[in-house]
Amino acid sequence: MSVVTLEIDGKVCTGVSGETVFDVAWNNGVKIPRLCHIGGLPNIGACRLCLVEVEGQKKLLPACITPVQEGMVVRTWSEKLIAHRRLIVELLFAERNHVCSVCVVNRNCELQDLAVELGLDHIRLRYQFPKLVADTSHERFGLDHNRCVLCTRCVRVCDEVEGAHTWDVSRRGALSQIIADLGEPWGESDTCTSCGKCVQVCPTGALFEKGKAVSEMRKDRGFLKYIVTAREKGQWIR
Amino acid sequence: MTVEELFDQQAAEVERQNALENRIYCCTAAGCVSCGSEAVRKAIGEEIKSQGLTGKVEVCGTGCMGLCSKGPLVRTSKDDALYGGVDVSNAAALVSAPETLAPLRIDTSAPFFIKQKKIVLGNSGRVDPEKIMDYIAAGGYQALARACTELGPAGTLDEVKKSGLRGRGGAGYPTGLKWELVARQPGDVKYVVCNADEGDPGAFMDRSVLEGDPHRVLEGMAIAAYAVGAQQGYIYVRGEYALAIQRLQLAIRQAERERLLGNRILDSAFQFRVDLRIGAGAFVCGEETALLASIEGRRGQPRPRPPYPPEAGLWGKPTLINNVETFANIPPLIQNGGEWFASTGTATSKGTKVFALAGKIANTGLIEVPMGTPLREILFDIGGGVPGGLEFKAAQTGGPSGGCIPAEFLDTPVDYESLARIGSIMGSGGLIVMDSSSCMVDVARFFMEFCMDESCGKCIPCRAGTVQMHDILLRMTKGEASSRDMAILEELCTLLRETSLCGLGQTAPNPVVSTLRYFRPEYEMHIRDHRCPAGLCEMKGNEGGAR
Amino acid sequence: MDPVNRKPSLATVWLGGCSGCHMSFLDLDERLIELAPLVEVKASPLTDYKDFPEVDITLVEGAVANRDHLEHIRTIRKRSKVLVSFGDCAVTGNVTGMRNAFSVPDCINRSYRDNSAVVVGIPSGNSVVPELLERAHPVHEVVDVDYYLPGCPPDGDAIHQLLVDLLNGRAPSSDGRRFG
Ligand SMILES: Cc1cc2nc3c(=O)[nH]c(=O)nc-3n(C[C@H](O)[C@H](O)[C@H](O)COP(=O)(O)O)c2cc1C
Ligand code: SF4
Ligand code: SF4
Ligand code: SF4
Ligand code: FES
């Protein structure tokens, strides 16, 4: 483990080799936007919100999977990056049916937070209004595909932390959908242990606890870290 | 077999074939099969029997002879001639007196033939893909023998580097460099993978090679495995290619039986097994990391690179991935040396390229030309130009990742750099010709629809961006789009290029960008005047509500 | 705005929405009294105008959901110097747009036949009940919009801030605004 010094947005930062640009930036107070990344789960570099500019690199690099290197010069906010991020968030809002005013996580939603952070006040793209359903067959939880951003946090936490691998993605492109087991109603899944980890890591109102009304669902954001620390260090601390 | 046996068998088979009175090659590739060549072949077989010429005359099926628009095609050794538009009634004559079929004879000194140069397709139409002896008679597996006995792994690698060969799967990465990267990796478990997913709409180059000359690809893979130190290979073929799969399976069995694959190849310590993996028809599975995931039995989705497959590929092991045509170039390259190979082509693009001509062109089919051949020569001399008296409008290369080339650039030499300079790409070899009846906005829409349907859905820019771009293009073709939509379309082009995870999303805007570059007024007419200059789009005007 | 003498004029319009945004506007309470002398209200859902007037600022609540809305918003756009999408239904389609995943006949049947105890009739779109558009549109899909005030409904402070900014000839600040 060696210490690595790099520059992020003009600020000299230090990290440890093997750490990602994303983690080092956050540890140094530079908050790079993200959606698919969540500490404690393997990264997939899929949402592209954390893309940053690295000097000497032609392509934009996803901070969540790019390891830090000595002498790296990183820019996390530029006009170009902001424009890209705004458009990506617009794409997400237009893709499915986000009717915030009637959503269980209204005002407690990572997608909304991104929109606010990026200063969006309307979506220039055509809303697609896909016809999607909610699976409420589980005793305690629900999955509303209308709100899903396909970040696959639920898939990963279920597979990698709970070890159940109940969730997966079926079909492709815009038709992609999260499915339980081989496409059964969640309530009939043989593998689901009802642990609720997926609900907590889900950034939006797609996965929710039943019985919660508009704006009532609060996700426990520290939950995953708690479990991962316990698993890795044997310490049950918050 | 040993190296000596290989040469002995070649000599014996050549002698046997030369002793025949007539050997009839009947094209049984998809194009000719679809106009009845199987029946012709059967009729010829029966004729041979009924004329009592068994043992003296022989009929065999072959891969594509190129001029698909004149099928079914038959070649006869007796008079060394090619006949087109043949049917069962010609069978008797083909067996004993082909010269009486003069009206069906195709002039092989026409530009279509003489302007081509066949390296990859050298055997296509000349060997029976189901008989390993045919391939051996044509000098097959001698390059592998040369690599194993004369060159050694390092020498083999050197020849490939010297040749300047670049990958034919689309991106044009130098093949020698890629092999070297894999060869340099430590560890003794490495893989060689042949990418036969060929998903571009209208492309069938790889299928033709696999159907017409499967041993060539196997030999190329074996040479690669020898050079990089791999013992296991996979061919990832798309499931739709049933015939190619069947021929490959047969070819692998034959090669294993002759000890040209498997253990103790050519009686040496080198071993290399090849297995097939069948794709389920997803374009994105042609992308190398998605392909690897699919071989591993996971969902066929790309992952960010680095690490690149030469460092961490199949099951985390160093993996060499090349395209079918890339591997098909290897045997002649090794046989004749890298310098020989480099003598064809341009400074940075060596060798030949196979193209599938399609669309508004007289000679649709498969051709092979030296790199650097001007587009005009390919389309007009070889392709025979635009039929039906309409005017040439554009040529599309590179499929959904490529661009449209307008008439003013017809003199561009076809090589990697020149095509990139005019906003297109070499791609894998699809070449679609459009005439004045084609609407460029609709062409862009068509390719965008393809990308939208084929997006794997992993990253947001491609998954949701292609949907929005298609939505805008579709509304343009209906006369329902505004100049604001145009601005957003261009923003999305930049977004997808710069932020998509894999090549599919990164290149999906290319057809839009290139048609905007050369045919912008056509877009503007759709938007401003609700008019389609090609007369193709039906405009309803804009009373529906939204702008 | 004509700086010489005239007070800036304001209109508020109610399209396909629930009137909640207007209620929130009224929730400005005593601040309304401060604002009142600064503007001339030329049209609102409570005024009986035959023809939409020329105004400086128009706040539009609601999505563009039917033929009447469509005609109306086009006129409004022509006669307003500054047009504000006021509240989520105007900005995103929101609840009004939730029918967009379904076809118009399906929606009509659902409302007037399936869910109705007594079926009186199905609006034919010819007279009193205007014909539904195929989709309910956010306002900016139909006409140019200058500013957006999201929220369901936008809260009083945000409305107040927007009006104060506009009346002072400034672009509205985004403080306190929350999309979604
Ligand atoms: C969306 C996508 C589809 C692709 N499809 C193919 C394909 O069908 N066949 C192929 O050989 N390469 C395909 N490629 C390129 C491969 O990723 C890879 O670069 C290639 O197989 C390498 O071989 P080469 O160096 O011999 O060209 C595709 C790439 C992308 C991004
Ligand atoms: S998930 Fe978030 S963005 Fe989507 S409707 Fe709910 S609150 Fe709004
Ligand atoms: S359900 Fe939630 S966690 Fe799972 S993919 Fe959708 S948004 Fe992500
Ligand atoms: S660019 Fe498209 S195909 Fe490639 S990873 Fe992203 S969604 Fe999948
Ligand atoms: S957070 Fe890095 S790509 Fe999603």
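Computed from the coordinates by the stated procedures, all read-outs in this text should not be read as laboratory data. For clarity, every value in this text was computed on a predicted model and none was experimentally measured. Heads up, the Cβs are rebuilt from the backbone with ideal geometry, glycines too, and the neighbour counts pull from every protein chain shown.
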Exercise for the section: With everything on Cα atoms, drop me the angle between helix B:175-184 and the longest principal axis of chain B, reported from 0 to 90° to the nearest 10. Expected result: 70 degrees
Practice task
May I ask which of A:K59/B:K350; C:K42/C:K81; B:K42/B:K117; B:K115/B:K350 have a Cα-Cα span longer than 21 Å here?
Solution key: A:K59/B:K350; B:K42/B:K117
Completion exercise
Gyration tensor on Cα atoms of the stretch B:440-541, a ≥ b ≥ c root eigenvalues, a/c under 1.5 rounded, else prolate if a/b beats b/c, else oblate, says prolate
Exercise for the section: Kindly express, to the nearest 10 degrees and within the range 0 to 90, the angle between helix B:440-454's C-alpha long axis and the longest C-alpha principal axis of chain B. Expected result: 70 degrees
Exercise for the section: Specify which residue in the list A:C192, B:P511, C:W14 is farthest towards the positive end of the charge dipole of the protein assembly as shown, using unit charges on the beta carbon of Lys, Arg (+1) and Asp, Glu (-1), about the Cα centre. Expected result: A:C192
Practice task
About the Cα centre of the stretch C:1-75, how large is the charge dipole given +1 on each Lys and Arg Cβ and -1 on each Asp and Glu Cβ? Please answer in debye to the nearest 20.
Solution key: 180 debye
Practice task
Using the number of other C-beta atoms within 10 angstrom as an exposure proxy, rank B:S438, B:S89, B:S96 with the fewest first.
Solution key: B:S89, B:S96, B:S438
Problem - Sparse-neighbourhood loop sites, GluC sites (Glu not before Pro) in the stretch B:357-450 - DSSP loop, at most 10 other Cβ within 10 angstrom - result: B:E391
Fill in the blank from the handout: Ranked by GNM mean-square fluctuation in chain A (Cα springs under 10 Å), the top entry among A:T152, A:T20, A:T204 is A:T20
Completion exercise
For peptide B:489-495, the mean count of other chain Cβ atoms within 10 Å per residue Cβ is 3
Handout entry: Average partner coverage of B:450-461, which counts Cβ from other chains inside 10 Å
Key = 6
Problem - Estimated [θ] at 222 nm from DSSP helical runs (n ≥ 4, -39500 (n - 2.57)) normalised by residues in chain B, nearest 500 - result: -12000 deg cm²/dmol
Exercise for the section: Considering only C:A43, C:A136, C:A117, give the residue with the highest GNM mean-square fluctuation for chain C, with springs between Cα atoms whenever their separation is below 10 Å. Expected result: C:A117
Practice task
Have a look at A:F129, A:A230, A:A164 and report the one farthest towards the positive end of the charge dipole of the stretch A:102-233, computed about the Cα centre with Cβ charges (Lys/Arg +1, Asp/Glu -1).
Solution key: A:F129
Exercise for the section: Go through B:K353/B:K393; A:K58/B:K317; B:K178/B:K458 and tell me which ones have a Cα-Cα distance over 25 Å in this structure. Expected result: A:K58/B:K317; B:K178/B:K458
Problem - chain A: calculated mean residue ellipticity at 222 nm from DSSP helix runs of at least 4, using -39500 (n - 2.57) - result: -6000 deg cm²/dmol
Practice task
Show which aspartates and glutamates lie in cross-link reach of A:K80 when reach means a straight Cα distance below 13 angstrom and same-chain residues fewer than eight apart are skipped.
Solution key: A:E53, B:E491, B:E498
Exercise for the section: Counting only C-alpha contacts under 8 Å and six or more residues apart, can you give the relative contact order of the stretch A:3-77 as a whole percent? Expected result: 41 percent
Exercise for the section: Just need the relative contact order of the stretch B:352-435 here, percent rounded to a whole number, with Cα pairs under 8 Å and 6+ apart. Expected result: 37 percent
Completion exercise
Output ordering of C:80-90, C:20-30 (per-residue mean of other Cβ within 10 Å, highest first) is C:80-90, C:20-30
Completion exercise
Given unit charges at Cβ for Lys, Arg (+) and Asp, Glu (-), the dipole magnitude of chain B about its Cα centre in debye, nearest 20, is 780 debye
Handout entry: Approximate spin-label separation B:Q51-B:A154, in nm, with each point projected 7 Å along Cα-to-Cβ
Key = 5.8 nm
Fill in the blank from the handout: Fewest-first ordering of A:L132, C:L167, B:L516, B:L210 by Cβ atoms within 10 Å yields A:L132, C:L167, B:L516, B:L210
Exercise for the section: Specify whether the C-alpha gyration tensor of the protein assembly as shown places it in the rounded, prolate or oblate class, a ≥ b ≥ c being the square roots of the eigenvalues: rounded for a/c under 1.5, otherwise prolate if a/b is larger than b/c and oblate if not. Expected result: prolate
Problem - the stretch B:352-435, dipole about Cα centre (Lys/Arg Cβ +1, Asp/Glu Cβ -1), debye to the nearest 20 - result: 180 debye
Problem - Exceeding the 31 Å Cα-Cα cut-off - candidates A:K31/A:K197; A:K131/B:K478; A:K11/B:K190 - result: A:K11/B:K190
Handout entry: Sequence-distant aspartates and glutamates (8 or more away, or on other chains) whose Cα lies within less than 16 Å of A:K210
Key = A:D135, A:E139, A:D144, A:D220
Fill in the blank from the handout: Longest principal axis of chain A (C-alpha) makes with the long axis of helix A:79-95 (C-alpha) an angle, in degrees to the nearest 10, of 10 degrees
Problem - Residue-averaged beta-carbon neighbours from other chains (10 angstrom radius) around A:87-94 - result: 6
Problem - Sorted by Cβ neighbour density within 10 Å, fewest at the top, the residues A:H37, A:H84 - result: A:H84, A:H37
Practice task
Would you work out if chain C is rounded, prolate or oblate? Take a ≥ b ≥ c from the square roots of the eigenvalues of the alpha-carbon gyration tensor; rounded if a/c is under 1.5, else prolate when a/b is larger than b/c, oblate otherwise.
Solution key: prolate
Practice task
Along Cα→Cβ, 7 Å out, is where each label goes; now give me the distance between the ones at C:R113 and C:E131 in nm to one decimal.
Solution key: 1.9 nm
Completion exercise
Expected max-MSF residue from C:I33, C:I159, C:I76 in the GNM of chain C (alpha carbon, under 10 Å) is C:I33
Exercise for the section: Averaging sequence separations of C-alpha pairs under 8 Å and six or more residues apart, then dividing by the length of chain B, give the relative contact order as a whole percent. Expected result: 13 percent
Problem - Pair A:E79, B:A12: separation of 7 Å Cα→Cβ label points (nm) - result: 7.6 nm
Practice task
Return the aspartates and glutamates within reach of C:K7: Cα separation strictly under 13 angstrom, same-chain partners fewer than 8 residues apart disregarded; answer none if there are no such residues.
Solution key: C:E40, C:D56
